[in-house]
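First up is the structure itself, then whatever we jot down about it.
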Amino acid sequence: MANHYFSEQPETKSERKTIREVIKGESYQFRVDRGVFSKGGLDFGSRLLIEAFEPPGVEGPIVDVGCGWGPIGLTVASTHPKTQIYMVDINERSVQLAKENATLNRVSNVTVERNNLLDGFDDNFFSVVLTNPPIRAGKEIIFSIYEQAKRMLKTNGDIWVVIQKKQGAASTLKKLEELGFEVNVEVKSKGYFVFRGKNN
């Protein structure tokens, strides 16, 4: 457990490096490290989610749950500079990297917090919940994200989820629909699904 990316304090020896990624035509620099999710660079699923994302009609803050070193939240913040973006992760190393990456990319409309999922946020607060969920943490944790999102999203707000078919896309779709989201498949590519759930 100590060396998983969803651990609070990874024991894996730090081995930082700086990478460059071109996302939606813009160039970014990111610091990455061992002991965090996708330490080698931007993963395919997160890229799909970023490229598919469209803001909803309702205004309000956006949150990236399980932000890792920050690619989803920071690119959304960069392309939507008038919107406040919250980025949360349980992993101390991820949170530190995300904060540094915000500075590195001159993104100021973000708040990065070490937090257990969405604990402590108010109901009906967010316009969007974005997540590439921590699959290895287990279905109970993943479903908790969806349940919290349902309470904390404004009416007509959206939850965006990227997940592989083999990692539980079908059960995610079922859970979101059970919670009352109106779900669309926005993208399907190489076994990955990007779901958009409207909070009616």
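Brief remarks follow.
- Residues of the stretch 188-200 that are aromatic (F, W, Y), more than 24 Å from E59 (Cβ to Cβ) and free of Cβ contacts under 8 Å to residues at least 60 places away in the same chain: F193 alone.
- Yes/no for Q29 being surrounded by fewer than 22 Cβ atoms within 10 Å (Cβ to Cβ) and either in contact with a Cys (Cβ under 9 Å, 6 or more places away or on another chain) or in a strand (DSSP E or B) (or both): yes
- Qualifying positions in the stretch 173-200 - farther than 19 Å from R47 by Cβ and not charged (D, E, K, R): L173, L176, L179, G180, F181, V183, N184, G197, N199, N200
- Per the listing E51, E59, the residue uniquely modelled with pLDDT of 95 or more and assigned to a loop (DSSP other than H, G, I, E, B) is E59.
- Just one of the numbered conditions (1) touching a strand residue (DSSP E or B) at 6+ places or on another chain (Cβ under 6 Å); (2) surrounded by fewer than 22 Cβ atoms within 10 Å (Cβ to Cβ) is not true of T103: (1).
- Boolean, E186 is more than 14 Å from the chain's Cα centre (by Cα) and of a type in the set (D, E): yes
The values are calculated or read from the model by the stated rules, or taken from the named source; none is laboratory data. As the structure is a prediction and not an experimental result, all values here were calculated from the model. Heads up, the Cβs are rebuilt from the backbone with ideal geometry, glycines too, and the neighbour counts pull from every protein chain shown.
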